């Protein structure tokens, strides 16, 4: 009787262990799949966000090339800037010697004509861009028109008659947030993803500052890191709660 009772019990217990092991392995496999899917999406959309920001920076590069080819002069700045504008651009600016003298559109942006190098909030990072020949981004900061913006400052250098390089100033674009990320954010929202976009507070800092994020919390997010100018950016999304069938 004991043997007849013991054998089925052992088989029953082994069956429970086997089922538990299968459930564990299945759960682990699904977690790994969710993690891989999230990492692929983070890389894909992180690269898209990087390219969206780069498209704004290209405006400063276009102005920079005109200044270099015309020895520091831009004729009909307003016409050129108007043709470079897009829905995600708040304004385009020129800052010879670091002092903002031209802004398009001018209306509503009069307060933007400041000395960047000697401004208490912009001076240190602008001086870094000038001295290190690198594009810098600063913000986000609140725009007078509402919403938020990120300033992109691109240092320009010319050559004098003695073939010595000198600092001309900055070409600048103010990017609207979240408009500059709109395509990626729209796609992520449609897929039900939470997200967070951050960047280092300055080129010399390791501390990340949130640029924009969704309303929900991020649980165990994966990240995609990229570099723009002298600063590090990070895009994060959490793994999906369950895999699509």
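Checking 169, 139, 146 one by one, the residue that is within 27 Å of residue 123 (Cα to Cα), crowded, with 17+ Cβ neighbours inside 10 Å and either modelled with pLDDT of 90 or more or more than 12 Å from the chain's Cα centre (by Cα) (or both) is 169 and no other.
Screening 103, 125, 114, 180 for residues that are more than 21 Å from residue 79 (Cα to Cα) and touching a helix residue (DSSP H, G or I) at 6+ places or on another chain (Cβ under 9 Å) leaves exactly one candidate, 180. Restrict the check to the range 50-65 and report whether at least one residue is within 26 Å of the chain's Cα centre (by Cα), surrounded by 10 or more Cβ atoms within 10 Å (Cβ to Cβ), modelled with pLDDT of 90 or more and outside any helix (DSSP H, G or I). No: the range 50-65 contains no residue that is within 26 Å of the chain's Cα centre (by Cα), surrounded by 10 or more Cβ atoms within 10 Å (Cβ to Cβ), modelled with pLDDT of 90 or more and outside any helix (DSSP H, G or I). Only residues that are surrounded by 14 or more Cβ atoms within 10 Å (Cβ to Cβ) and over 11 Å from residue 156 (Cβ atoms) were counted in the range 66-77, giving 1.
Could you say whether any residue in the range 110-132 is touching a residue at least 40 places away in the same chain (Cβ under 8 Å), surrounded by fewer than 16 Cβ atoms within 10 Å (Cβ to Cβ) and under 19 Å from residue 168 (Cβ atoms)? Yes, because at least one residue in the range 110-132 is touching a residue at least 40 places away in the same chain (Cβ under 8 Å), surrounded by fewer than 16 Cβ atoms within 10 Å (Cβ to Cβ) and under 19 Å from residue 168 (Cβ atoms). Residues of the range 85-100 that are surrounded by fewer than 18 Cβ atoms within 10 Å (Cβ to Cβ), touching a strand residue (DSSP E or B) at 6+ places or on another chain (Cβ under 6 Å) and modelled with pLDDT under 95: none at all. Here residue 75 does not fit the description of being out of contact with any strand residue (DSSP E or B) (no Cβ under 9 Å at 6 or more places or on another chain) and outside any loop (DSSP other than H, G, I, E, B). Take the residues of the range 102-117 that are part of a loop (DSSP other than H, G, I, E, B) and modelled with pLDDT of 95 or more: which is nearest to the chain's Cα centre (by Cα)? By that ranking, first place goes to 116.
Restricted to the range 183-211, and to residues there that are surrounded by fewer than 14 Cβ atoms within 10 Å (Cβ to Cβ) and under 16 Å from residue 50 (Cα atoms), the residue that is nearest to the chain's Cα centre (by Cα) is 210.
The values are calculated or read from the model by the stated rules, or taken from the named source; none is laboratory data. Being a predicted model, the structure only gives us computed values, none of them experimental. Glycine gets a Cβ as well: all are built from the backbone with ideal geometry, and neighbour counts include every protein chain shown.
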